[in-house]
Amino acid sequence: SGGSFNRVIKVSDGAQERKFIGGSMQLSDAIANNLGETKVLRNHQVVEILQIGEDETRIVCKNGTKLAAKSVIVALSPSLYKTIKFNPPLPKSKEDFANSMEMG
């Protein structure tokens, strides 16, 4: 993480010194805007990911939206994996790791 722990905690040239003017969310927003509103759905909390076959995955959102995709990328803190029902379930080692993580 950042090369070494000392570099992460140092003020000069440390990870804590690197910030985005306007916040880091603008990076995600720029990518989403570039891909388009039909490719990136905002405010759609995923509650279930079902692997139907080798080339089909279904995604269920809290607001009732259902989507189908060939593949899904889950970019989420492991501590939040428990907020999504995975079918088939995640491997036990991944589930155990996620359950041992805390936010922050």
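For the pair residue 29/residue 75, report the inter-label distance in nm, with labels modelled 7 Å from Cα in the Cβ direction.
Rounded to a tenth, the inter-label distance reads 1.6 nm.
What figure in square angstrom, to the nearest 10, would you give for the accessible area of residue 50 with a 1.4 Å probe?
Counting only protein heavy atoms, residue 50 exposes about 40 Å² to solvent.
Straight-line reach from residue 39: which lysines have Cα under 29 Å away, leaving out those fewer than 8 places along the same chain?
19, 62, 66, 70, 82, 85, 94
Specify whether the C-alpha gyration tensor of the range 42-103 places it in the rounded, prolate or oblate class, a ≥ b ≥ c being the square roots of the eigenvalues: rounded for a/c under 1.5, otherwise prolate if a/b is larger than b/c and oblate if not.
Cα axes put the range 42-103 in the oblate bin.
Quickly work out the residue 63-to-residue 42 label distance, labels modelled 7 Å from Cα along the C-beta direction, and quote it in nm with one decimal.
So the label points at residue 42 and residue 63 sit 1.1 nm apart.
The values are calculated or read from the model by the stated rules, or taken from the named source; none is laboratory data. Since this is a predicted model, take the numbers as computed values, not measurements. Neighbour counts are summed over all protein chains in view; Cβ atoms, including those assigned to glycine, are modelled from backbone coordinates with ideal geometry. Just so you know, the surface numbers come from the protein's heavy atoms only, side chains and all, with ligands and any DNA or RNA stripped out. Shrake-Rupley method; radii C 1.70, N 1.55, O 1.52, S 1.80 Å.
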